[in-house]
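> Have a look at this one.
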Amino acid sequence: MSSRAQTPAKASPPPTMPVSFTVNGKKADLKLDTRTTLLDALREHLKLTGTKKGCDHGQCGACTVIVNGERINSCLSLAMQHQGDEVTTIEGLGMPDDLHPMQAAFVKHDGYQCGYCTPGQICSAVSVLKEIEANIPSHVTGDLTSRMRPTNMEMRERMSGNICRCGAYSNIADAMAEVAGGKA
Amino acid sequence: MRPFTYQRAGSVAEAVKAVGSRDDAMFLAGGTNLLDLMKLQIETPAHIVDIQDTGLDKIEKTKDGGLRIGALVSNTALSADERVRKDYPVLTRAIQAGASGQLRNKATTGGNLLQRTRCSYFYDTNMACNKRDPGSGCAALQGYSRQLAVIGSSDKCIATYPGDMAVGMRVLDAVVETMKADGSTRSIALADFHRLPGDHPEQDNVLETGELITAVWLPKPPGGRHFYHKVRDRASYAFALVSVAAVIQDDGSGRVAFGGVAPKPWRVEAADAALGQGAKAVIARAFADARPTEENRFKIALAERALAGVLAEARNA
Amino acid sequence: MKFEAPAGSNLFDRSQIVGKSTPRIDGPLKTTGQAPYAYERHDMANQAYGWVVGSAIAKGLIASMDVSDAQSAPGVIAIVSAPDTKPVGKGIANNAPLFGGPEIAHYHQAIACVVAETFEQARYAASLIRTTYDRSQGAFDLAKVAPDAPLAKGDDSKSTLGDFDAAFAAAPVKLDARYTTPDESHAMMEPHATIAAWEGDKLTLLTSNQMVAWAKQSMGKILGIDPANVRIDSPFIGGGFGGKLFIRADAVMAALAAKKAGRPVKIALQRPLIANNTTHRHATIQHIRIGAEKDGKITAISHENWSGNQNGKNGEDATLQTPKLYAGANRLTANYVATLDLPEGNAMRAPGEAVGHLALEVAMDELAEKLGMDPVELRIVNEPKMVPGSPEKKFSDRNLVRCLREGAERFGWSRRSKTPGSMRDGRWLIGMGVAAGYRAGPTEASGAHVKLDADGRITVETDMTDIGTGSYTIIAQTAAETMGVSLDQVKVELGDSRYPKSSGSGGQWGAASSTAGVYAACVNLRRAIGEKLGFDADAATFEDGSIRSGNRSYKLTEAGALSADGEMTYGDFKDDYDVGTYAGHFVEVGVDAYTGVTRIRRMLSVCDAGRILNPLSARSQVIGAMVMSAGAALMEELAVDPRFGFFVNHDLAGYEVPVHADIPTQDVVFLDTLDDIVTPMKAKGVGELGICGPGSAIANAIYNATGIRIRDYPLTLEKYLSEMPAVA
């Protein structure tokens, strides 16, 4: 019944360390409890709450951000792991008066409902199109040696790490197709 | 999450020394499984050694025509590597069948081999679990076991190894290269890397304290046609009910391994020899010692049918 | 304003803005992460972090709780523990206790809250609390207790018409089948979250709640304080689906913890707690019997339903649609609720009907098979003229037959093979399925405050919520239309209990009700303007920021700053009608001939829900509900461990909901209908219609693909693998 006995670290304060990375082009110098995730560093310390906490366990994708050009789940990453990294969050893609094309496409195609998974979906959507351009294969890729293309099922498979309980998937696919088409 | 001190090791030697010199330290690579477990106090290291700066992120050709995959190569990078796609497509397929794009970007080759079970009772610290809390019992044995092991388990634990990559590597006869805390290195066949639970389900694998996976070696390409067929309820981002990794040669011979059925990637070499006789014969040999629960008995029939599908595809190629 | 007679013609019949596809006005905020959800209100100063500890047993007593190590852990400010707290009161629809005292009613019931300076400190300190329990036996297995379950409390739990038994016995064609549906989790993406702050005896809750007025009343009851001292603010809600209709532990713990800590406390329920700590959709066992003539005409229909809940209250009534959908003179519906000690069951999107369709609409498919009839035709043959279960009532406006016919046409239903298991595409067995859908179109009283400023801009204030439904936008459209201004001249403020009470969001009533309330307020504002400028507002035309009255015209800005309240309420005349929404759902699936895995290939829903206020967001509601229905059909199940009495797979890895790859293509068609019994807008909700039927169409498509009929949801492969044709 009881979990493993823990010896409490008596009132001694938890270890903290300095860490610096850039967020949306701006340098962030923080001194954090080593246990702080990148997600909580963004949301609670930098007050960039666009990145969402849906599960805190890598099971939903709401916390997706782009680090050094690749999307990751920021909930499963310690802030300490990101010394010197370049982090892009939804706020860095665009703001209400200056939307990123993917954000504008989500608005146009109603690629969301409650909006909570949306920043993660958009960070993923932007990254997915880059991953296809970079010729990274996916589970539904037929010929692994041919050029990847942003087909409906390629995009749906690659977006599957971002759960939308409101079920906006088909509209997100339309938004992505518009952005992908615009690029071609 | 228990408080911990954090250190970045600049080299493999520094890392193994740092972890090997105490009994409450752990390596951190991608962190996609470890941090999940630390948040639930299933893993409780007091010191974390981050190995991201150790230079283990390269894929190199080996002298005998194979590949040496650095332990820090991400799942995405490994699956997208041109040589892997061309010569070891079962590995690309296996990796891309697992997790999500975000997780694959972060998860590493070494870390993925060390992924712990996803058994719900292991994850719920209110429940008895010999893997998490040795001697406490196994709540899963008589419980919700649909996802759990049908073979290789014991009466102490029926957890499955949940990964896909390792199942692909298993049919490629991969070898795990490690460095121990004293700086010595060794090679462990992937077949011998994961332990069956027996009386000590808390030990997932044969690594010693402070021993670090530095690389995975693939022998020269096996040729043939490569398949990875994963069966799961939802179409993506789910652990396998059953998966089948297979390399099938033109003459019908080949190798096959199964995921989602056992505490390790499940391959019985004697069963490979039956591939020419069809799925039923392979399963009869590979699952001869199966001890399923009522809830997961279907996995044996499912493995047979999934393999039959793979063999049919191989024939139609 | 009271809606006392059918709407007749009104300004919405010439609408320029209402009824047009309109991107959400809150879209730029949501897509840039600037919409503030409950846990993100950094504008509240000096917040501390709370972490909720859940019970490790399902039923019994807390024997001891030692919080001393937690108390002395770094950063800890306060600990609220159940043994040291008097049980709190119960708010609206709370069955299980939310907190306090030694008694445990279900697994992961909140037993403590640790407040610390940081999230990391609170989480760790919580792990240092040591609790022992005296476990007692509980009832956790619905199948075991269902046979002895009593009828649900209330008048309408059993209803009969004619003589079902005799008619069923005499029917030449009979269907008699049992179906089960599992417990399901709302699994909204935003966890239940609250920031609570006290100023003297006044409590502010920045929270995520679908029903602001209920929340305010409930918090008063729960804490034993005057509801007038409670302010609720819930402007953005990251999904609810019924799971946030009521006050839950996040709000209660935040309020208690903030009091004890002497400063604001923020809490988000940890994801692994949510399935057991909060509410879920109850599992059901359903028994359906239908007797028909050889031409398909139903002569007898019975739908009995069993579910279970804490205290034997408020089960899942899966019979709700059955008195509405099909004709038949001899009828029986009965709803039984057993007492279970599982976590509390409560409303989840289309409570009752969502799972009722999973049984009834498969039963209809089975009956069609027995009759050798096309399942679309069987439904059409049984289209009723009056409400079948209440023949004294008329339908307000019902176009189900059109939904089915148009759907069949668009979907290519004629290409469906009548012989199961006879369509194949490579390794995939292909099948098509159909289901009808019915969901009530209720309305609730709803109010708003509307302001005209000196620049001619309009601001709407109401405690209505937007749970992803698009309330912001349809309310803005309604105000713009009524006041004759463009959409960008309208600002909408929602979710604050300081604003007039609205219908809130639930039961598919939000869109129809809240817009009607805004219309009522706007009519009053128009009258106030008319009074000030000297014209008859009701006869005037408001358009393009101007007003035309007879041959005179005014600029809206001439009125200066004015404001008005308004509320829409409803007269008894509605009681003569059944106001419903209708759909024809069509699905094509592939079933892997080898592994039995089912994958959806395409989905279509043709919907009849009166005027569609914003076709863009209404379509989103329907496709989203179709996705959730697909989840219910194919994968969603809270697995009960009857030994320990809990839902085992209590996170988003264990409880699988559909992902992008599960849904390849969807199509939605809205019939262009008007229901002038519902509100002056003639519009009905669609948010729940879309979850009533698609899952059954999937089940029927699987049958069409394989010839295998599974009656226990979810339709996972192990339930039929052994019946699949052999493979070499």
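> Only one of these conditions is not met by A:D143: (1) within 12 Å of chain B (Cβ to nearest Cβ); (2) acidic (D, E); (3) in contact (Cβ under 8 Å) with a residue 12 or more places away in the chain. Which number is it?
Checking A:D143 against (1) within 12 Å of chain B (Cβ to nearest Cβ); (2) acidic (D, E); (3) in contact (Cβ under 8 Å) with a residue 12 or more places away in the chain, the one that fails is (3).
> One residue is enough: does the stretch B:260-269 have a residue meeting the conditions within 14 Å of chain A (Cβ to nearest Cβ) and either outside any loop (DSSP other than H, G, I, E, B) or buried (at least 24 other Cβ atoms within 10 Å of the Cβ) (or both)?
Quick first cut of the stretch B:260-269, residues within 14 Å of chain A (Cβ to nearest Cβ) only: none.
No: the stretch B:260-269 contains no residue that is within 14 Å of chain A (Cβ to nearest Cβ) and either outside any loop (DSSP other than H, G, I, E, B) or buried (at least 24 other Cβ atoms within 10 Å of the Cβ) (or both).
> Got a number for residues in the stretch C:397-437 being touching a Phe, Trp or Tyr at 6+ places or on another chain (Cβ under 8 Å) and either within 18 Å of C:T598 (Cα to Cα) or not assigned by TED's automatic domain parsing to the domain that holds C:Y582 (or both)?
Counting residues in the stretch C:397-437 that are touching a Phe, Trp or Tyr at 6+ places or on another chain (Cβ under 8 Å) and either within 18 Å of C:T598 (Cα to Cα) or not assigned by TED's automatic domain parsing to the domain that holds C:Y582 (or both) gives 6.
> Here's something else I'd like to know. For C:M464, only one of the following conditions fails: (1) over 23 Å from the mean Cα position of the chain (by Cα); (2) closer than 28 Å to C:K244 by Cβ. What is its number?
(1)
> Going through the stretch C:183-218 one residue at a time, which ones are over 21 Å from C:G239 (Cα atoms) and not small (G, A, S)?
Narrowing the stretch C:183-218 to residues over 21 Å from C:G239 (Cα atoms): C:197-204, C:217.
Across the stretch C:183-218, the qualifying residues are C:W198, C:E199, C:D201, C:K202, C:L203, C:T204, C:Q217.
> Is it the case that the stretch C:63-86 has a residue that's under 21 Å from C:P272 (Cβ atoms), within 13 Å of chain A (Cβ to nearest Cβ) and part of a strand (DSSP E or B)?
Yes, because at least one residue in the stretch C:63-86 is under 21 Å from C:P272 (Cβ atoms), within 13 Å of chain A (Cβ to nearest Cβ) and part of a strand (DSSP E or B).
> Now, a different point. So B:Y144 passes all but one of these: (1) open to solvent by less than 20 Å² (accessible area, probe 1.4 Å); (2) within 12 Å of another protein chain (Cβ to nearest Cβ). Which condition number does it fail?
Here B:Y144 clears every test but (1).
> Going residue by residue through the stretch C:98-113, is there one that turns out to be assigned by TED's automatic domain parsing to the domain that holds C:L61, in contact (Cβ under 8 Å) with a residue 40 or more places away in the chain, within 18 Å of C:M253 (Cβ to Cβ) and assigned to a helix (DSSP H, G or I)? Step through it out loud before you land on a result.
First pass over the stretch C:98-113, keeping only residues assigned by TED's automatic domain parsing to the domain that holds C:L61: C:98-113.
So of that shortlist, the ones also in contact (Cβ under 8 Å) with a residue 40 or more places away in the chain come out as C:98-99, C:102-113.
Adding the requirement that they be within 18 Å of C:M253 (Cβ to Cβ) leaves C:98-99, C:102-113.
Then keep just the ones that are assigned to a helix (DSSP H, G or I); that gives none.
Looking for residues that are assigned by TED's automatic domain parsing to the domain that holds C:L61, in contact (Cβ under 8 Å) with a residue 40 or more places away in the chain, within 18 Å of C:M253 (Cβ to Cβ) and assigned to a helix (DSSP H, G or I), one finds none in the stretch C:98-113, hence no.
> Just checking: which of the helices (runs of 4 or more DSSP H) contained wholly in the stretch B:1-110 hold 1 or more residues that are at the interface with chain A (Cβ under 8 Å from one of its Cβ atoms)? Break it down into steps so the answer makes sense when it comes.
Details: elements: B:12-20, B:34-39, B:75-80, B:82-87, B:89-96, B:101-106.
Result: B:34-39, B:75-80, B:82-87, B:89-96, B:101-106.
> Which one is farthest from B:L35 (Cα to Cα) among residues in the stretch A:9-41 that are within 11 Å of chain B (Cβ to nearest Cβ) and small (G, A, S)?
A:S12
> Taking the stretch C:303-345 only, how many residues are more than 23 Å from C:R281 (Cα to Cα) and open to solvent by less than 10 Å² (accessible area, probe 1.4 Å)? Explain how you work it out, then say what you get.
Initially, the stretch C:303-345 is screened for residues more than 23 Å from C:R281 (Cα to Cα), giving C:326-332.
Restricting the remaining residues to those that are open to solvent by less than 10 Å² (accessible area, probe 1.4 Å) gives C:326.
Adding up the residues that qualify gives 1.
> Just give me the residues in the stretch A:74-91 being open to solvent by less than 20 Å² (accessible area, probe 1.4 Å), in contact with a helix residue (DSSP H, G or I) (Cβ under 8 Å, 6 or more places away or on another chain) and touching a residue at least 40 places away in the same chain (Cβ under 8 Å), in sequence order. Write out each step before concluding.
Step one: of the stretch A:74-91, the residues open to solvent by less than 20 Å² (accessible area, probe 1.4 Å) are A:74-82, A:87, A:89-90.
Remaining after also requiring in contact with a helix residue (DSSP H, G or I) (Cβ under 8 Å, 6 or more places away or on another chain): A:74-79, A:81-82, A:87, A:89-90.
Matches in the stretch A:74-91: A:S77, A:L78, A:A79, A:Q81, A:H82, A:V87, A:T89, A:I90.
> Kindly provide the set of residues from the stretch C:93-120 that are open to solvent by less than 10 Å² (accessible area, probe 1.4 Å), β-branched (V, I, T) and out of contact with any helix residue (DSSP H, G or I) (no Cβ under 7 Å at 6 or more places or on another chain), ordered by number.
Of everything in the stretch C:93-120, just one residue is open to solvent by less than 10 Å² (accessible area, probe 1.4 Å), β-branched (V, I, T) and out of contact with any helix residue (DSSP H, G or I) (no Cβ under 7 Å at 6 or more places or on another chain), namely C:I104.
> Looking only at the stretch C:683-728, count how many residues are more than 14 Å from chain B (Cβ to nearest Cβ), within 21 Å of the chain's Cα centre (by Cα) and not polar (S, T, N, Q). Give the steps one after another, and end with the answer.
First, the residues of the stretch C:683-728 that are more than 14 Å from chain B (Cβ to nearest Cβ): C:683-697, C:699-701, C:703-705, C:707-709, C:711.
Subsequent filtering for residues that are within 21 Å of the chain's Cα centre (by Cα) retains C:683-697.
Then drop every residue that is not not polar (S, T, N, Q), which leaves C:683-695, C:697.
Matching residues across the stretch C:683-728 total 14.
> May I pose another question? Across the stretch A:146-182, what is the number of residues that are touching a residue at least 60 places away in the same chain (Cβ under 8 Å) and either touching an Asp or Glu at 6+ places or on another chain (Cβ under 8 Å) or surrounded by 24 or more Cβ atoms within 10 Å (Cβ to Cβ) (or both)?
Restricting attention to the stretch A:146-182, the residues satisfying the condition of being touching a residue at least 60 places away in the same chain (Cβ under 8 Å) are A:161-163, A:171-172, A:174-176, A:178-179, A:182.
Among the residues that remain, those that are also either touching an Asp or Glu at 6+ places or on another chain (Cβ under 8 Å) or surrounded by 24 or more Cβ atoms within 10 Å (Cβ to Cβ) (or both) are: A:161-163, A:171-172, A:175-176.
Number satisfying all stated conditions: 7.
> Considering only the stretch C:511-532, state which residues are open to solvent by 10 Å² or more (accessible area, probe 1.4 Å) and either touching a Gly at 6+ places or on another chain (Cβ under 6 Å) or closer than 15 Å to C:V678 by Cα (or both).
Residues satisfying the conditions are C:A511, C:Y519, C:N524.
> Taking the stretch C:339-384, which residues are basic (K, R) and part of a helix (DSSP H, G or I)? Let's see the steps before the verdict.
Start the filter on the stretch C:339-384 by keeping residues that are basic (K, R), which leaves C:349, C:370, C:379.
Passing the criteria: C:K370, C:R379.
> Looking at the stretch C:151-172, is at least one residue farther than 16 Å from C:E304 by Cβ and either of a type in the set (K, R) or touching a Cys at 6+ places or on another chain (Cβ under 8 Å) (or both)?
Checking the stretch C:151-172: at least one residue is farther than 16 Å from C:E304 by Cβ and either of a type in the set (K, R) or touching a Cys at 6+ places or on another chain (Cβ under 8 Å) (or both).
> Oh, and also: Looking for whichever is open to solvent by 30 Å² or more (accessible area, probe 1.4 Å) and touching a residue at least 40 places away in the same chain (Cβ under 8 Å) here; the options are B:T185, B:T160, B:T209. Which one fits? Write out each step before concluding.
Numbers: B:T185 fails: touching a residue at least 40 places away in the same chain (Cβ under 8 Å); B:T160 fails: open to solvent by 30 Å² or more (accessible area, probe 1.4 Å).
Only one candidate passes the filter, namely B:T209.
> Also: Among the listed residues C:A125, C:A169, identify the single one that is at pLDDT 95 or above, open to solvent by 20 Å² or more (accessible area, probe 1.4 Å) and either under 30 Å from the mean Cα position of the chain (by Cα) or over 27 Å from C:N649 (Cβ atoms) (or both). Lay out the reasoning, then the answer.
Values: C:A125 fails: open to solvent by 20 Å² or more (accessible area, probe 1.4 Å).
Checking each option against the conditions leaves just C:A169.
> Looking at the stretch C:37-59, is at least one residue out of contact with any helix residue (DSSP H, G or I) (no Cβ under 6 Å at 6 or more places or on another chain), farther than 22 Å from C:A251 by Cα, within 12 Å of chain A (Cβ to nearest Cβ) and crowded, with 17+ Cβ neighbours inside 10 Å?
Yes, that holds for at least one residue.
> Hey, among the residues in the stretch A:92-104 that are within 15 Å of the chain's Cα centre (by Cα) and touching a residue at least 40 places away in the same chain (Cβ under 8 Å), which one's nearest to the other protein chains (Cβ to nearest Cβ)?
Taking the candidates together, the pick is A:M102.
> Given the options C:Y519, C:Y570, C:Y554, name the one that is over 21 Å from C:T462 (Cβ atoms) and among the aromatic types (F, W, Y).
Numbers: C:Y519 fails: over 21 Å from C:T462 (Cβ atoms); C:Y570 fails: over 21 Å from C:T462 (Cβ atoms).
None of the other options fit; the residue is C:Y554.
> Residue check: is C:E637 assigned to a loop (DSSP other than H, G, I, E, B), open to solvent by 10 Å² or more (accessible area, probe 1.4 Å), charged (D, E, K, R) and under 30 Å from B:A312 (Cβ atoms)?
no
> Also: Within the stretch A:122-131, identify whether any single residue is open to solvent by less than 10 Å² (accessible area, probe 1.4 Å) and away from chain B (no Cβ under 12 Å), and answer yes or no.
Looking for residues that are open to solvent by less than 10 Å² (accessible area, probe 1.4 Å) and away from chain B (no Cβ under 12 Å), one finds at least one in the stretch A:122-131, hence yes.
> For the list (1) open to solvent by 20 Å² or more (accessible area, probe 1.4 Å); (2) more than 21 Å from B:G110 (Cα to Cα), I need the number of the one condition that B:K220 fails.
(2)
> Give C:A300, C:A254 a once-over and let me know the one that is outside any helix (DSSP H, G or I) and touching a residue at least 40 places away in the same chain (Cβ under 8 Å). Lay out the reasoning, then the answer.
Details: C:A254 fails: outside any helix (DSSP H, G or I).
Answer to the check: C:A300.
> With respect to B:A139, is the statement that it is within 12 Å of chain C (Cβ to nearest Cβ), surrounded by fewer than 20 Cβ atoms within 10 Å (Cβ to Cβ) and either without any contact (Cβ under 8 Å) to a residue 40 or more places away in the chain or in contact with a Leu (Cβ under 9 Å, 6 or more places away or on another chain) (or both) true?
Values: within 12 Å of chain C (Cβ to nearest Cβ): yes; surrounded by fewer than 20 Cβ atoms within 10 Å (Cβ to Cβ): no; either without any contact (Cβ under 8 Å) to a residue 40 or more places away in the chain or in contact with a Leu (Cβ under 9 Å, 6 or more places away or on another chain) (or both): yes.
So B:A139 fails the test.
The values are calculated or read from the model by the stated rules, or taken from the named source; none is laboratory data. Owing to the predicted nature of the structure, the values given are computational and were not obtained by experimental measurement. Please note: Cβ atoms are built from the backbone with ideal geometry, for glycine as well, and neighbour counts cover all protein chains shown. Just so you know, the surface numbers come from the protein's heavy atoms only, side chains and all, with ligands and any DNA or RNA stripped out. Shrake-Rupley method; radii C 1.70, N 1.55, O 1.52, S 1.80 Å.
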